[in-house]
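Enquirer: Okay, here's the structure, questions in a sec.
Read-outs: derived from the displayed coordinates by stated rules, not from any lab. It should be emphasised that the depicted structure is a prediction, and the values quoted were computed from it without experimental measurement. Please note: Cβ atoms are built from the backbone with ideal geometry, for glycine as well, and neighbour counts cover all protein chains shown.
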Amino acid sequence: MKKLTLAALLTAAATPALAHTGHGAEGLASGFAHPFMGLDHLLAMLAVGLWAAQTGGRALWAVPAAFVGVMALGGLLGVMGVGLPLVELGIAGSVLVLGLLLAVAPRLPLWAPIAIVGLFAVFHGQAHGTEMPEGASGLLYGAGFVAATAILHAIGLGLGLAGSRLSAISARLAGGAVAAAGLVLIAG
C-alpha cells in the first residue's frame, strides 16, 4: 500500500495536462517524452497496466498490447492528417472510464477490456501523431511514444501486481483517484 500511495503521489505531482500543446517533437527523445508530458496520458497509460493486472490471466499481456498496437495505428492516422472528433474528450474520458473500471473491478470477458482500451488508444495515438511537426522523423517519434507507453503500462502492471499481493482494495482505491482526475480533466 505504501508503494501504491507513493506512486499516486508522484503521479499527482506530474505536470498538468500539457500533452496537446504542440511542444515540438523532433525524434525519438521527444516522442518518448510525449506520454510523460501530460497528466491525461500518464494516468491513462498507468491505468491500462493496473487494469490488466487486476483482470489477470491473458489480460496481463493482451490488454497493454492491444492498446499499444491500436495507439500506433491512431498515430499513423494523425501523421496522415486524418482528424477524429472529440480527441481531447476521448483522452480525458479514457482517464475517467479506466479509473471507474479499476474502482468497480467488473469481471469481463477478455475481448471487452481489449475493445475498451483499443477505443481509447485511437484517440491517444491520433493526438501523438497529429502533434508531430513536419520534418520530424515519424518512425523515430513513433518508436519513442510507443516505447514510453509500453514502459508506463509495465509500471502500471507492476504496481497492480504488487498491490494485489498487499490488498485487493489497492487497485480500487487507485481507480477512484484516477477517475477523480479524469473528472477534473474533463471539467477543464
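Enquirer: Would you work out if region 48-188 is rounded, prolate or oblate? Take a ≥ b ≥ c from the square roots of the eigenvalues of the alpha-carbon gyration tensor; rounded if a/c is under 1.5, else prolate when a/b is larger than b/c, oblate otherwise.
Expert: Cα axes put region 48-188 in the prolate bin.
Enquirer: If you take the beta carbon distance between residue 77 and residue 154 as r and set R0 to 25 Å, what does 1/(1 + (r/R0)^6) give as a FRET efficiency, to the nearest 0.05?
Expert: My answer for the efficiency is 0.50.
Enquirer: Beta carbons within 10 angstrom, averaged per residue: use that to sort the peptides 72-84, 38-50, highest first.
Expert: Descending packing order for the listed peptides: 38-50, 72-84.
Enquirer: Can you sort 91, 151, 116, 169 by how many other beta carbons sit within 10 Å, fewest first?
Expert: Result, fewest neighbours first: 169, 151, 116, 91.
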